[in-house]
1. Output the peptides A:70-76, A:284-290 sorted from most to least packed, where packing is the average of other Cβ atoms within 10 Å over each peptide's residues.
2. Could you work out the mean count of beta carbons from other protein chains within 10 Å of each residue's beta carbon in B:94-102?
3. Please say if region A:61-155 is rounded, prolate or oblate, where rounded means a/c under 1.5 for a ≥ b ≥ c the square roots of the C-alpha gyration tensor eigenvalues, and otherwise the choice is prolate for a/b larger than b/c and oblate otherwise?
4. Evaluate peptide A:176-182: per residue, the Cβ atoms of other protein chains within 10 Å of its Cβ; return the mean as an integer.
5. Averaged across the residues of A:269-279, what count of C-beta atoms belonging to other chains lies within 10 Å of each residue's C-beta?
6. Please list, ordered by chain and number, the residues whose modelled amide H lies under 5 Å from the amide H of residue A:130; skip anything fewer than 5 residues away on the same chain.
7. Go through A:107/B:85; A:175/B:74; A:107/A:233 and tell me which ones have a Cα-Cα distance over 27 Å in this structure.
8. Work out the charge dipole of region A:101-147 with +1 on the Cβ of Lys and Arg and -1 on the Cβ of Asp and Glu about the Cα centre, then indicate which of A:114, A:139, A:104 is farthest towards its positive end.
Amino acid sequence: MSGHDHGDHGLSRRKVLECMTWAGTGVLWTITGGVPRSLGIIDSAQAATAAAPGMTFLQISDSHVGFDKPANPNALGTLEEAVNKINAMPAKPSFMIHTGDITHLSKAAEFDNADRIISQSKLDVHYVPGEHDFLDEEVKFYRERYGRGTKGAGWYSFDAGGVHFIGLVNVVDLKAGGLGNLGAEQLSWLEDDLRGKSKSTPVVLFAHIPLWTVYPEWGWGTEDGGRALEYVKGFGSVTVLNGHIHQVMQKVEGNVTFHTARSTAFPQPAPGAASSPGPMKVEDAKLRSMLGVASINFKQNEQRLAIIDTPLQG
Amino acid sequence: MKTLNRRDFSVDFGLTLAAAILLPVTTAHADDTNMEVHIDNFVFQPPELKIKVGTTVTWTNRDDIPHTVVSAGKFRSKTLDTDDKFTFTFTNAGDYKYFCSLHPHMTGMIKVE
Ligand SMILES: [Cu+2]
């Protein structure tokens, strides 16, 4: 077990287990000086964010629009449920991040459907692609829709609420036997992008595949993710968001907090808990407790980030 | 968790042996010039295949998740959805390492003599 990073740094095993247990109900996390603290389950957490001033943004991931297999015959339907949940939030978030696998097979109709539903949130959405979004022959559907103003395969940065956000692409040019890949060009862009930034600027990195090594046996990690993390090491507050593994997982290492969002489409097994990372079939009644969205509340000047995971159904 | 994993592998292995024994009986038309590789649970099965020059290999994706079959500079399938197939005929001897470009930890080998 010791070969894997499962949150041993500053996060006790018991804390991890609590986090896993609560994954079905949703947790509000605040991170103060790199140490996570849970403020409670979703209902009280939502009340707390509604009352708290500061910037709130949402993360949504792995919608897999077009997926219709037994694990969830209607991925578009559960995406719509997630969007309804967003629309019902007491305080409107500033914007949304989608960490990839918008579609299942990169078909034009799948992108159309995803867009039709997600746009009902009436939020600005910042996307990064998942490997499922780059399956069309010419790899153009994602780029034509979401790639405007981005570099390379679709990476970019922007500032909001005093936080510097960086969207990275780690799903292209994957090598046999390897993990996710950022590549030299993107890494040097990242280095440039961060150059001259005050070390007190909070940084949020987001990408599809985890930038940290979750479980290499299933390809859950990024080969050169460590290089990206080197560049942000000196910053006071760094948050790394990803999708891909369809379950909540969090790790804190120094000033860096890693957080993985749920899918809105189907759950995947915990590392090593099944013979493959494929879609996990659960009882219909349980499915919605394993899907959801994450909202992140940033309180300026306090370097405090609260992450709330909201399942579609408690 | 680890124990469970190992048990799964031994089950898979047992099934593979059973399939190998049954193959000549159940697939009457199978011959040296047509071979099959299945993708099950993110694994190419069998992971290594020894064939003669001129043999056609057919890969079938039996997962709920799309996969690809790629051998750098040699062959590249389109994305294979559930039950989709990819076929390639090997006309030159050599070792053909291949992988899934979506899940690069999935690798396989075709040895052509
Ligand atoms: Cu694959």
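1. Working: A:70-76: 18.3, A:284-290: 15.4.
Listed from highest to lowest mean packing, they are A:70-76, A:284-290.
2. Mean shielding count: 3.
3. Details: a/c = 2.26, a/b = 1.18, b/c = 1.92.
Oblate is the answer for region A:61-155, as a/c is 1.5 or above yet b/c matches or exceeds a/b.
4. On the way: counts 13, 6, 4, 2, 1, 1, 0.
Averaged over the peptide's residues, the number is 4.
5. Details: counts 1, 1, 2, 5, 3, 5, 11, 9, 5, 6, 3.
Going residue by residue through A:269-279 and averaging, the value is 5.
6. Placed amide hydrogens put A:101, A:102 under 5 Å from residue A:130.
7. Working: A:107/B:85 19 Å; A:175/B:74 15 Å; A:107/A:233 38 Å.
The answer is A:107/A:233.
8. So the residue furthest toward the plus end is A:114.
Values quoted throughout were computed directly from the atomic coordinates according to the rules given, and no laboratory measurement underlies them. These numbers were taken from a predicted model, which means no experiment stands behind them. Positions of Cβ are generated from backbone atoms using ideal geometry, with glycine treated the same way; all protein chains shown enter the neighbour counts.
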